[in-house]
Each structure stands twice: as structure tokens, then as C-alpha cells.
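Read-outs: derived from the displayed coordinates by stated rules, not from any lab. All of these numbers come straight from a predicted model, not from anything done at the bench. A quick note on method: Cβ atoms are made from the backbone with ideal geometry, for glycine too, and the neighbour counts reach across all protein chains shown.
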Amino acid sequence: MANSTITVLQQLLHLLPRNDFESFVGQHEADKYTKKLSCWNQLTILLYAQATEKDSLREIETGLLVQNERWYHLGLQTCARSTLARANGKRHWSIYESLFYKLSERCGNLGSGTASFTFRNDLYAVDSTTIDLCLSLFPWARFRREKGAIKLHTLPNVRSQIPELILMTDGKVSDIGAIRAIDFTAYPRGSIFVFDRGYNDYGFLGKIREAGHHFVIRLKDNACIVHLGQHKKIPGKGR
């Protein structure tokens, strides 16, 4: 029997719902005029580039050409950087967005029942991260005078360790400005939302309470606090 080699990249690809992915591709007719580089091939190459930390199309092309004897197992016919550049520039981004949400749906219950998680309530941590971009390539993402950036605003479920919502904005949008659009009534009543002080807006926090949830947030240094009273210890009730 001939020896067959299963690469790590192949194993990774087997975890993806290919039938769903092809359905997303069909919705946009993204493979209609494709000759050698299908959307699935493009995704394969992008996963390879991410896993091997390639910084340019030339690096991707060179790295794959060294391993061209394994292309057959991946279904690749080309890795030409010009072809990949056209595919990256023209194919609709929502194909990959739909793939993300399908994977998120599949993985949603993997973290449930974790022994170390002791909260009864659903617990969500809200935060953002800034990703620098080359301003000459992405002029729409101007962040400062000579800097480009986007922000990813995420809402991960701490129990499952999977983000249930990701919003992308340009770098100028504030944390609280992006997150105000969330419909908190869509989350299980009694959920706990954890924020840092960048989200400290009393009107916004009031809407969370109106939706039947709880929040934990750091106060700003200049917060005005009024002492309304203090609970007294009731004799015979212990601490």
C-alpha cells in the first residue's frame, strides 16, 4: 500500500464546513469565472500564510513553491502572487464573514459545562483592539496624521471562550461609540457584562439594567460619588 501523508494544514481544513462554505461562495457567484484559484484554494493559501506568519504575497508564493509536491493533497493548482492578489482584491469579504459565524455556531457549546467555570449567569467580557494598517494601502482607515488603523470591538462569552459579536470600525471610533449599537435584550436575562473604564457612560449602563442584566465596570478617576447611606448590622443575624 502506498504511503499517504496527511499534513497539519489538511487536518485543519477538515475542521471547516466545506459544504456551507461552497454555499456562501455560490451566493456571490465568486467562482463563476475561476480557472485555477477557487475560493476554497484561496482560503487554503490564506490559512497557510497565517499559520506560517508570512508577511507578503512573495513570501507566500515562495513558501508554497518549496512544498509544491504536496499541492495535490490540498487541491492547489497555482500560488502565483498576481492571481492571489486579484482574488484578495475582488472576492466578496462576506463569504468569510459567513464562514466565521457558521464556525462560531458550531463551537458555541464546546466550552459549556467547564468545571472551572462557576458562574450561574452568562458572563461576557467586552473590549476592543486596534490593528495598525499601512495608510498608503488603506487610505480610508486614517487614524492619525500618518497612521492607519481599524478597531475590532468584541463581545466574547467567557464560558465558551468564543466571541459572540465582532464589530469592525475605523480607528477613530471610540469603544463606547461602537458598542452602543448592541441590542442587550437579545442576551439571556440576568447576564453579567464586564467593561473597562472606556465604556463608562451612565446612560449606556442604564440600558443594560433596563434589559435585566448586571454590569461590572471600573470607575473613572473623576467620577462624582454621592454617599447615600450605609447598611446597618442587624443584631443576631451574624455578619
**Study point:** Cα radius of gyration and Dmax for the chain (Å)
**Key:** 23.9, 83
Exercise for review: Would you grab the residues whose amide H sits under 5 Å from the one on Val158? Only those 5+ places off in sequence or on another chain, please, with H modelled 1.01 Å from N.
Suggested key: Leu123, Tyr124, Ala125
Review point. In whole angstrom, how long is each semi-axis of the equivalent ellipsoid of the range 135-239, when you take the square root of 5 times every eigenvalue of its Cα gyration tensor and sort them from largest down?
Key: 37, 19, 12
Exercise for review: Kindly write out, for the range 86-98 in residue order, the coupling ³J(HN,Hα) from the Karplus curve 6.51 cos²θ - 1.76 cosθ + 1.60 (θ = phi - 60°), rounded to whole Hz, with x marking Gly and Pro.
Suggested key: 5, 5, 5, x, 10, 6, 6, 5, 5, 4, 7, 5, 5
Review point. Which whole-number value in Å³ per residue fits the convex hull of the alpha carbons of the range 8-104?
Key: 101 Å³
Study note, to complete from the structure: Rounded to 0.05, the calculated FRET efficiency for the beta carbons of Cys107 and Leu228 at R₀ = 45 Å is 0.50
Revision key, fill the gap. For Lys147, counting only lysines whose alpha-carbon sits under 26 Å away and dropping same-chain residues fewer than eight positions off, the answer is Lys54, Lys90, Lys172
Practice item. Would you grab the residues whose amide H sits under 5 Å from the one on Leu165? Only those 5+ places off in sequence or on another chain, please, with H modelled 1.01 Å from N. Key: Leu155
Practice item. Along Cα→Cβ, 7 Å out, is where each label goes; now give me the distance between the ones at Glu210 and Cys134 in nm to one decimal. Key: 4.6 nm
Point to revise | Spin-label model distance (nm) - Val194 vs Ser174, 7 Å beyond Cα toward Cβ | key: 2.4 nm
Practice item. For Phe215, list long-range residues whose amide hydrogen, built 1.01 Å from N in the peptide plane, is under 5 Å from its own amide hydrogen. Key: Phe193
Check your understanding: For the range 34-40, in order, what is each residue's ³J(HN,Hα) by Karplus, 6.51 cos²θ - 1.76 cosθ + 1.60 with θ = phi - 60°, in whole Hz (x at glycine and Pro)?
Key -> 6, 10, 10, 10, 6, 4, 5
Point to revise | Mean separation of Cα contacts under 8 Å (6+ apart) over length of the range 113-216, as relative contact order % | key: 26 percent
Revision key, fill the gap. CD proxy, 222 nm, the chain: helix-only mean residue ellipticity via -39,500 (n - 2.57) per DSSP H run with n ≥ 4, per residue, nearest 500, stands at -9500 deg cm²/dmol
**Study point:** Label-point gap, in nm, between Trp93 and Thr78 - each point 7 angstrom along Cα→Cβ
**Key:** 2.5 nm
